[in-house]
Amino acid sequence: MTYRVLINGPQKLSGRLAVPGDKSITHRALILSAMAFGRARISNILTSTDCLSTLDCLRRLGVEIELDGEDAIISGCGLTGLAEPDDVLDVGNSGTALRILPALLAGQEGFAVITGDRSIRKRPVDRVLKPLVEMGAKVWARDGGRLAPVAVSGGPLRGIVYRLPVASAQVKTAVLLAGLPASGRTTVIEPVTSRDHTEIMLEYLGAAIAVEADRHSGERHITVTGETQFQSKDIGVPGDFSSAAFFLAAGALVADEHIEIINLGLNPTRTGFIEVLEKMGGAPESTELGAVAGEPVGSVGIGRARLVGTDIGGSMIPRLIDELPLVALLATQAQGRTTVKDAAELRVKETDRIALTAAELNKLGAKVTPTDDGFIIDGPTPLKGTAVESHGDHRLAMMLAVAALSATGATVIAGAGAVDVSFPDFFDRLRQLGAECDRIAKE
Ligand code: S3P
């Protein structure tokens, strides 16, 4: 659904809340439970459009999935037990599904076509198809193998050793998943650590996986032994750190007292934003309270802070890739210059997030200069409400809502309905913290 949201700033927020289940972990829980044997309950799944697209694709592949509120009960089909779909699989806006489903299907008998929305059909898929072809997969895609629709004609695969050319958890996951039904071993060499939810969940499910870190280079070698079936197990999904990050940024910018997010996933491969908040002079306090299905869980609180500029790049980038538009926003209110580099991947997200983060924040009065692989932001600049646009990108919609809370005057966010992709209740949760935001019926 597409609608606009009006926010009159500045506003002050405070309070405590939980955010919905983690998007990356929900995708993996659904897909790995489909590849397991047995019936399991996955609790607190994210029921946003992205994850429901994956769920729908799995149902089309013959997986029985019952939804019970925020829980999904899945009966797994085993490593190669999926049915041939009788229609095209539609991943909607989900980049994770676009990259993982070809890998899941490459090792199964049957023919399948995968496509998605306009944004998805512009996102590179060759990064996944290349290693799959090395494993013996028969796959095709538009634009010389680069773009969806993707066609897969499944069959036997063989294990490979694959060094990731880009730090991408989606590519890592795709190769490991294709390795599960393959003959022999499959090793992914990861020069820079990306989110490791797949490794954690495979270990939790008892699959044949080994992770070794090279002490000298810091590279991780992740190996799965093929043709080793595993059983399903109940999985709990913690709150999504990337969704919580919008409230943490709001806390640093406009907290009245304190904002606290509870039941939150605190996997260190995801929480780089906490370290950046600290580097910028904020004082986030995180408390780890235990683990759910191998994933650390806890809470993070934050108050308003006087921010200073910082430099971000290198191995930090994959640990906060989805939070970089928020870093740019924080930097507009920080004293001095902030630079973000080594983040060229942002150009191939749901939108070109380098170009659009800069363009939309600049409409509000910011000084954000896009570079090939990041931004240069000079702050502080007072933000002044105006008309801005999500361009259909959920994270831009939410970042702009936080910007509007700290701006003076009225901001109207067009395409605000994009939040449904990862956080359908986003504006309700903002209201829960005291924000006033009005939905304007139609675009
Ligand atoms: C994701 C990995 C990241 C991230 C995306 C979700 C995942 O993408 O940006 O939102 O679930 O594995 P890349 O793997 O392309 O970096």
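The values are calculated or read from the model by the stated rules, or taken from the named source; none is laboratory data. This is a predicted model, so every value here is computed, not measured. With ideal geometry, Cβ positions are generated from the backbone for all residues, glycine too; neighbour counts draw on all protein chains shown. Side chains are part of the model used for accessible areas, which takes the heavy atoms of the whole protein and leaves out ligands, DNA and RNA. Shrake-Rupley method; radii C 1.70, N 1.55, O 1.52, S 1.80 Å.
Taken one residue at a time, the phi angles of segment 335-349 give Karplus couplings (6.51, -1.76, 1.60, θ = phi - 60°) of 6, x, 9, 10, 10, 10, 10, 6, 10, 4, 4, 4, 6, 10, 7 Hz. Gly and Pro are set to x.
Given R0 = 30 Å, the distance between the Cβ atoms of GLU66 and GLU227 translates into a calculated FRET efficiency of 0.55.
I need to check one value: relative contact order of the chain, counting alpha carbon pairs closer than 8 Å and at least 6 residues apart, in percent. With pairs under 8 Å counted, the relative contact order is 20 percent. Taken one residue at a time, the phi angles of segment 414-426 give Karplus couplings (6.51, -1.76, 1.60, θ = phi - 60°) of 7, x, 5, x, 4, 4, 4, 4, 10, 7, x, 8, 3 Hz. Gly and Pro are set to x.
Grab the DSSP H runs of the chain that are 4 residues or longer, score each as -39,500 (n - 2.57), total them, divide by all residues and round the 222 nm result to the nearest 500 deg cm²/dmol. Intermediate results must be reported in sequence, preceding the final value.
On the way: 13 runs with 131 residues, N = 443.
-8500 deg cm²/dmol, from helical runs alone.
Among 286-296, 302-312, the peptide with the highest mean count of other Cβ atoms within 10 Å heads the list, and the full ranking is 302-312, 286-296. A Förster distance of 56 Å, applied to the separation of the beta-carbon atoms of THR408 and VAL166, puts the FRET efficiency at 0.90. Computed over the Cα atoms of segment 164-310, pair by distinct pair, the Kirkwood hydrodynamic radius stands at 17.0 angstrom.
The residues of the chain have, on average, 36 Å² of accessible surface per residue, using a 1.4 Å probe with all protein chains present.
For the chain, a simple Cβ point-charge model (Lys and Arg +1, Asp and Glu -1, everything else neutral) yields a dipole of about 880 debye relative to the Cα centre. The distance from the alpha carbon centre of segment 117-134 to that of segment 148-188 is 13 Å, rounded to a whole number.
Full extension of the chain segment joining GLN432 with LEU6 gains 151.7 nm, where the gain is 0.36 nm per residue of separation less the Cα-Cα distance. Treating each Cα of segment 23-236 as one equal point scatterer and applying the Debye formula with no solvent, the log10 of I(q)/I(0) at q = 0.11, 0.12, 0.16 Å⁻¹ comes out as -0.46, -0.55, -1.02. Between their Cα atoms, which of LYS23/LYS233; LYS23/LYS122; LYS172/LYS233; LYS279/LYS367; LYS23/LYS172; LYS12/LYS279 are more than 27 Å away from each other? Listed pairs above 27 Å: none. Taking 7 Å steps out from each Cα toward its Cβ at ALA355 and GLN335 produces label points 3.7 nm apart.
In this label model, THR287 and LYS138 are separated by 5.8 nm, measuring between points 7 Å along each Cα→Cβ vector. Just checking the listed ones, ILE200, ILE413, ILE377: in the Gaussian network model of the chain with Cα springs under 10 Å, the one fluctuating most is ILE200. Here the chain has 49 percent of its accessible surface on carbon and sulfur atoms, given a 1.4 Å probe and all protein chains in place.
For segment 216-260, the alpha carbon positions stretch 55, 37, 12 Å along the principal axes, listed from largest to smallest. Each of the peptides 62-71, 119-128 was scored by the mean count of other Cβ atoms within 10 Å over its residues; in descending order, highest first, they stand as 119-128, 62-71. Placing R0 at 45 angstrom, the Cβ-Cβ distance between ARG347 and ALA83 gives a FRET efficiency of 0.75 after rounding to 0.05. Amide H contacts for GLU389 (H built 1.01 Å from N in the peptide plane; partners 5 or more residues away or on another chain; cut-off under 5 Å): ALA414.
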